[in-house]
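Chemist: Below: one structure in structure tokens.
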Amino acid sequence: MDQHNIGAHSAKPAQVAGGAASRVHMTIPNPTVPSSPAPATRAVAPVLDVRHVEKVYGARNNVTRALADVSFTVMRGEFVGIMGASGSGKSTLLNCISTIDAVTSGNVYIDGADVTAMKPAKLTRFRREQLGFIFQDSNLLDTLTARENIALPLTISRVPASEALVRVEDVAARLSISGVLDKYPYQMSGGQQQRVAAARALVTNPAIIMADEPTGALDSKNARLLLECFETMNRDYQATVLMVTHDSFAASYTQRVLFIRDGRIFTELRRGTSSRQDFFNRIMEVVAMMGGEGSDAL
Ligand SMILES: Nc1ncnc2c1ncn2[C@@H]1O[C@H](COP(=O)(O)OP(=O)(O)OP(=O)(O)O)[C@@H](O)[C@H]1O
Ligand SMILES: [Mg+2]
């Protein structure tokens, strides 16, 4: 396995923000190893442990149970897809994990820390240092170049400029966006903007990268390019990626897909050693079983 990591070219990799540096040279556990209730070392502990999460919106006679008793774990270095019909609770789940939304009950552990119990001040820092986000729209800052957008989270975390520069160049080269680094968002295509957003999420070496319908606004060629970026992030940087999608093709790039129905995990599929085409076919079978409309959309 390629052990290359963010910061590996840097003279001072130890200055990675927060606890990220400790992850830089960790070996990746086999994603198929089940989580142990009392892991002996951090290396075999899940990076994400969602336990009995429930999310209820509203009150009295206007209640929506968006999530009901959702539990699962994700090991470090996994690329996991989350699929389900519109309104099934995918974004709610991602928002509860990413601390954007508060759970009604249950716990979410990220790298062993219970984010549902964190105080707001600590949460802000935790989010900045441990989580990466990619949304349907890139959310790049219009007044900054791609290079500056990617470097921004490092700048905020006070990573020295010389090191930030090296890391941005390194990630950009890996994700094949070196050619747009000096462009502003309005000078880039939608696909290029999304790849820059992916680089921005990756550059801090977060514990988890979360993406909500990242290919939703892209044509098929750019969707494919972004998914290949995710594969690279996963393979070359051992990034842990959680991606919500309604698209079976996008999901076929992951190693495991969790299917959500009515706020509950309905089933999960693991790719194992099968080809992407075979995994795609199996995903489509589950989509059909869950009541898909014969298309790739749930
Ligand atoms: N802020 C909110 N207040 C009240 N209800 C909400 C809120 N956010 C989401 N819901 C409800 O929770 C349920 C799950 O919504 P969620 O956005 O998680 O679905 P989703 O699976 O992401 O759907 P989509 O594929 O359309 O994005 C829906 O019934 C939705 O109406
Ligand atoms: Mg959603």
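Chemist: Which value results when the Cα radius of gyration for region 130-219 is divided by 2.2 N^0.38 Å?
Modeler: Values: Rg = 12.0 Å, N = 90, 2.2 N^0.38 = 12.2 Å.
Dividing the Cα radius of gyration by 2.2 N^0.38 Å gives 0.99.
Chemist: Let me ask another. When the label point is put 7 Å from the Cα of Tyr184 along its Cα-to-beta-carbon vector, which residues of region 127-141 have a backbone N closer than 13 Å?
Modeler: 141
Chemist: Under a Cβ-Cβ cut-off of 9 Å, what is the net charge of the residues other than Met243 that fall near it, where Lys and Arg count +1 and Asp and Glu count -1?
Modeler: Summing Lys and Arg as +1 and Asp and Glu as -1 gives -2.
Chemist: Please report the Cα spread of region 223-298 along all three principal axes, rounded to whole Å, starting with the longest.
Modeler: Cα extents, longest axis first: 36, 24, 23 Å.
Chemist: Assuming 0.36 nm per residue, please report the length gained on full extension of the stretch Arg276 to Asp69 beyond their Cα-Cα distance. Let's see the in-between values first.
Modeler: Working: separation 207, 0.36 × 207 = 74.52 nm, distance 3.05 nm.
Full extension of this stretch gives 71.5 nm more.
Chemist: 7 Å from Cα along Cα→Cβ at both Thr124 and Glu228: what's the point-to-point distance in nm?
Modeler: 4.0
Chemist: I would also like to ask the following. Please turn the phi angles of region 226-242 into ³J(HN,Hα) values with the Karplus equation 6.51 cos²θ - 1.76 cosθ + 1.60 (θ = phi - 60°), one per residue in order, whole Hz, x for glycine and proline.
Modeler: With coefficients 6.51, -1.76 and 1.60, one gets 5, 5, 5, 4, 4, 4, 5, 4, 5, 7, 8, 10, 6, 5, 8, 10, 10 Hz.
Chemist: Residue separation times 0.36 nm, minus the C-alpha to C-alpha distance between Leu165 and Ile100: what's the value?
Modeler: In short, 20.5 nm is gained.
Chemist: How big is the gap, in Å, between the Cα center of region 190-224 and the Cα center of region 104-130?
Modeler: With region 190-224 and region 104-130 each reduced to a Cα centre, they are spaced 23 Å.
Chemist: For region 118-183, report the % of Cα-Cα distances exceeding 14 Å.
Modeler: 65
Chemist: Once you've got the Cα coordinates, tell me which of Lys119/Lys221; Lys90/Lys221; Lys90/Lys119; Lys90/Lys122 are over 32 Å apart.
Modeler: Pairs exceeding the cut-off: Lys119/Lys221.
Chemist: Oh, and also: Please compute the modelled spin-label separation between Gln136 and Phe266, points set 7 Å along Cα→Cβ, answer in nm with one decimal.
Modeler: 2.0
Chemist: So if the hydrodynamic radius of region 55-180 is defined as the Kirkwood radius over C-alpha pairs, what does Stokes-Einstein give as its diffusion coefficient at 25 °C and 0.890 mPa s, in µm² per second?
Modeler: Rounded, D is 141 µm²/s.
Only the coordinates and a few stated rules stand behind these numbers; no lab work does. Being a predicted model, the structure only gives us computed values, none of them experimental. With ideal geometry, Cβ positions are generated from the backbone for all residues, glycine too; neighbour counts draw on all protein chains shown.
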